[in-house]
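One structure is given here, and the rest of the page talks about it.
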Amino acid sequence: MKMTGNTIFLPGGTSGIGLAMALRFQEAGNTVVIGGRRPEVLAQLAAEHGFDTVTVDITDDESVRGARDAVLAAHPDLNVLIAMAGIMVAEDVRTPEFFDTARRTVETNILGPLRLIAAFTEHLQAQPAATIMTVTSGLAHTPLRITPTYNASKSFMHMFSESIRLQFAGTSVQIIELVPPGLRTELMPGQSQVEAFLPLDEYIDEAMNLLAANPDATEILVERVKPLRFSEVNGAYDQTIAMVNSHH
């Protein structure tokens, strides 16, 4: 992926990693359209940063198709989709109530990106150079005890990314998987205060540098996430699980 001159749609761009990436990509000379569910937040970000915005609920088929039509009407040269939205909610599978959280997590973290990719796949293939960026997690490979469905949703997106890369081979569409470690964001309440986690700015610096240095990258792996990403491969699975779960 080239770092400048793209037109990028970033649903889930109103906070956390999404907003941080939107700002960095805009600074680097890209046109960035952000999406989110709350019109008042979108309006504020548009006023502050000059983003184009579109209201979208990625758990709703009609909303996603409507957002696509609005974005492409304004930006027919759109060539990058960053499927960024996700939720992370603790659940206890020892009680039946976990299912509501699990269903919401699957709706957002799995079906959300799939809806987006379905909506934009034909348009992106018609562009001379296009990118679909998925967002997974180190927890796709090393589990955090309190978030089983979140971990599994990211494992799904990892394997989905690996698989669609094979299908898009020979087309103009590149698949890049962003694999964050634990970051100081409010993905979960209080998470931004956890000393063991990487500050968001440091993460974005390192991730953008990796992206710039490796235009053909398939996965963006900052140093901090590698122990989680490769724990099974490295024979350190049990120790890494213990380390990851000691923070909670």
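The values are calculated or read from the model by the stated rules, or taken from the named source; none is laboratory data. As the structure is a prediction and not an experimental result, all values here were calculated from the model. Methodologically, a virtual Cβ is constructed for each residue, glycine included, from the backbone with ideal geometry; neighbour enumeration extends over all protein chains shown.
Listing for the model above:
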| quantity | calculated |
| --- | --- |
| Residues that are under 12 Å from Met1 (Cβ atoms) and either modelled with pLDDT under 95 or touching an Asp or Glu at 6+ places or on another chain (Cβ under 8 Å) (or both), drawn from segment 217-241 | Thr218, Ile220 |
| Residue, nearest to the chain's Cα centre (by Cα), within segment 126-146, restricted to residues that are outside any loop (DSSP other than H, G, I, E, B) and polar (S, T, N, Q) | Thr134 |
| Qualifying residues in segment 133-191 (those that are among the small types (Gly, Ala, Ser), in contact (Cβ under 8 Å) with a residue 24 or more places away in the chain and over 24 Å from Pro96 (Cβ atoms)) - the one surrounded by the most Cβ atoms within 10 Å (Cβ to Cβ) | Ser137 |
| Condition broken by Asn209, with the remaining ones in (1) under 16 Å from Arg24 (Cβ atoms); (2) crowded, with 18+ Cβ neighbours inside 10 Å; (3) at pLDDT 95 or above; (4) more than 16 Å from the chain's Cα centre (by Cα) satisfied | (2) |
| Filtered residues of segment 155-202 (kept if among the acidic types (Asp, Glu) and outside any loop (DSSP other than H, G, I, E, B)) | Glu162, Glu177, Asp201, Glu202 |
| Qualifying residue in segment 114-123 (condition: among the basic types (Lys, Arg) and at pLDDT 95 or above) | yes |
| Strands (runs of 3 or more DSSP E) wholly inside segment 1-117 that include at least 2 residues being not β-branched (Val, Ile, Thr) | 7-11, 31-36, 80-83 |
| Residue that is nearest to the chain's Cα centre (by Cα), among those in segment 55-71 that are of a type in the set (A, V, I, L, M) and within 12 Å of Leu116 (Cβ to Cβ) | Ile58 |
| Criterion violated by Thr149 - all others in (1) part of a loop (DSSP other than H, G, I, E, B); (2) modelled with pLDDT of 95 or more; (3) within 21 Å of Thr185 (Cβ to Cβ) satisfied | (1) |
| Unmet criterion (only one of (1) touching a strand residue (DSSP E or B) at 6+ places or on another chain (Cβ under 6 Å); (2) modelled with pLDDT of 95 or more) for Thr108 | (1) |
